[in-house]
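*Asks:* Structure in structure tokens, see below.
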Amino acid sequence: MCYRTRLNAELEEVEKSFDAHFLEKERYAPKEEINAFSYAPYPIITDENSKEILFYEWGLIPFWSKDDSIKKYTLNAKIETLDKKPSYRNSVNKRCLVIADGFYEWQWLDAKGKEKQKYLIRPKGQEVFAFAGIYSQWTDPETEKEIGTFSIVTTEANELMSEIHNNKKRMPIVLREKDRGNWLSDMDYSDFAFPYETELVAKKC
């Protein structure tokens, strides 16, 4: 799973990495650690315009939801069941790039996870990278405000992540740089399930 990310790069570096620009530059602030459960606005690029970096809230809310309580269950979306889960079914072909320069995972050092080792994980050769994501537009019935929301798509863990995320054995889909456009297109999402992978490196924190 993926609930903690890092995006500590300067704004200009992010824009250069994706050949895109922030529509609201003033909202960007580099952060060493971002907690998904804060549901804070997060920079993404949608398939509607790959040249624009927008701020959407982490935790996908499907358009039919009566309130936002579902978001705590939709921070991550399993690629194996995207078209089966009602929460994600309408977003299978609403693709986005979720921007980061690292993510964190904890390795269980005992059977119950009472002792853990934290790792920072990054793709080799990409200073700033993208997770595969899906998104939705939801209108808050109380305020009538339209809110953009997203989920990070996860897959079976590769060899490295099986050792680190040894209790769940899942990992976020980290896109190869050359595949960012492919993910944003209507390319079959199942092509990005493991054994698709990007070479990752991990460092103890």
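*Asks:* Name the residues in region 65-104 that are in contact (Cβ under 8 Å) with a residue 40 or more places away in the chain, outside any loop (DSSP other than H, G, I, E, B) and over 19 Å from Tyr196 (Cβ atoms), would you? Let's see the steps before the verdict.
*Replies:* Within region 65-104, the first condition is being in contact (Cβ under 8 Å) with a residue 40 or more places away in the chain, and the residues that meet it are 65-68, 71, 74-80, 82, 88, 90-104.
Right, trim to outside any loop (DSSP other than H, G, I, E, B) and you get 71, 76-80, 88, 95-100, 102-104.
The answer is Lys71, Ile99, Gly102, Tyr104.
*Asks:* Follow-up question, since we're still on this one. Does region 82-139 hold any residues that are among the hydroxyl-bearing types (Ser, Thr, Tyr) and under 21 Å from Asp188 (Cα atoms), and which are they?
*Replies:* Of all residues in region 82-139, those among the hydroxyl-bearing types (Ser, Thr, Tyr) come to 87-88, 91, 104, 119, 135-136, 139.
Across region 82-139, the qualifying residues are Ser87, Tyr88, Ser91, Tyr135, Ser136.
*Asks:* In region 194-205, how many are within 17 Å of Val98 (Cβ to Cβ) and touching a residue at least 60 places away in the same chain (Cβ under 8 Å)?
*Replies:* Within region 194-205, residues that are within 17 Å of Val98 (Cβ to Cβ) and touching a residue at least 60 places away in the same chain (Cβ under 8 Å) number 2.
*Asks:* Look through region 165-191, keep the residues that are crowded, with 20+ Cβ neighbours inside 10 Å and over 22 Å from Phe55 (Cβ atoms), and return whichever of them is farthest from the chain's Cα centre (by Cα).
*Replies:* Among residues in region 165-191 that are crowded, with 20+ Cβ neighbours inside 10 Å and over 22 Å from Phe55 (Cβ atoms), the one farthest from the chain's Cα centre (by Cα) is His165.
*Asks:* Right, something else. Looking for something closer than 20 Å to Ser185 by Cβ and either outside any strand (DSSP E or B) or of a type outside the set (Phe, Trp, Tyr) (or both) - is there at least one such residue anywhere in region 19-27?
*Replies:* We begin by selecting, within region 19-27, every residue closer than 20 Å to Ser185 by Cβ; these are 19-20.
From the residues that got through so far, the ones that are either outside any strand (DSSP E or B) or of a type outside the set (Phe, Trp, Tyr) (or both) too are 19-20.
Within region 19-27, one or more residues are closer than 20 Å to Ser185 by Cβ and either outside any strand (DSSP E or B) or of a type outside the set (Phe, Trp, Tyr) (or both).
*Asks:* Given the structure, is Pro62 part of a strand (DSSP E or B) and closer than 23 Å to Asp186 by Cα? Steps first, please.
*Replies:* Details: part of a strand (DSSP E or B): no; closer than 23 Å to Asp186 by Cα: yes.
No, not satisfied.
*Asks:* What's the total number of residues in region 39-88 that are at pLDDT 95 or above, of a type in the set (Phe, Trp, Tyr), within 17 Å of the chain's Cα centre (by Cα) and farther than 15 Å from Ala130 by Cα?
*Replies:* The number of residues fulfilling the criteria is 2.
*Asks:* Another question, then. List the number of the failed condition for Leu109; all other conditions in (1) buried (at least 17 other Cβ atoms within 10 Å of the Cβ); (2) more than 19 Å from the chain's Cα centre (by Cα); (3) of a type in the set (A, V, I, L, M) hold.
*Replies:* Answer for Leu109: the failing condition is (1).
*Asks:* Ok, one more. Identify, please: which residue in region 118-161 is part of a loop (DSSP other than H, G, I, E, B) and of a type in the set (Val, Ile, Thr) and is, among those, surrounded by the most Cβ atoms within 10 Å (Cβ to Cβ)?
*Replies:* Let us first name the residues in region 118-161 that are part of a loop (DSSP other than H, G, I, E, B), namely 124-128, 140-145, 157-158.
Now drop any that are not of a type in the set (Val, Ile, Thr), which leaves 128, 143.
Values: Val128: 21, Thr143: 8.
Looking at residues that are part of a loop (DSSP other than H, G, I, E, B) and of a type in the set (Val, Ile, Thr), I get Val128.
*Asks:* Continuing with this model, one more query. Could you tell me which residue of region 36-54 is surrounded by the fewest Cβ atoms within 10 Å (Cβ to Cβ), considering only residues that are free of Cβ contacts under 8 Å to residues at least 60 places away in the same chain and closer than 17 Å to Lys145 by Cα?
*Replies:* If we take residues in region 36-54 being free of Cβ contacts under 8 Å to residues at least 60 places away in the same chain and closer than 17 Å to Lys145 by Cα, then Ala40 is surrounded by the fewest Cβ atoms within 10 Å (Cβ to Cβ).
*Asks:* Taking region 80-100, which residues are in contact with a helix residue (DSSP H, G or I) (Cβ under 9 Å, 6 or more places away or on another chain) and crowded, with 22+ Cβ neighbours inside 10 Å?
*Replies:* Those that are in contact with a helix residue (DSSP H, G or I) (Cβ under 9 Å, 6 or more places away or on another chain) and crowded, with 22+ Cβ neighbours inside 10 Å: Tyr88, Arg95, Cys96, Leu97, Ile99.
*Asks:* crowded, with 16+ Cβ neighbours inside 10 Å, over 21 Å from Lys51 (Cβ atoms) and among the polar types (S, T, N, Q), is that true of Thr198? Outline the logic, then answer.
*Replies:* Details: crowded, with 16+ Cβ neighbours inside 10 Å: yes; over 21 Å from Lys51 (Cβ atoms): yes; among the polar types (S, T, N, Q): yes.
It is true that Thr198 is crowded, with 16+ Cβ neighbours inside 10 Å, over 21 Å from Lys51 (Cβ atoms) and among the polar types (S, T, N, Q).
The values are calculated or read from the model by the stated rules, or taken from the named source; none is laboratory data. This one's a predicted model, so the numbers in the text were calculated from it and none came from an experiment. All Cβ positions, even for glycine, are placed from backbone atoms using ideal geometry, and neighbour counts span all protein chains on display.
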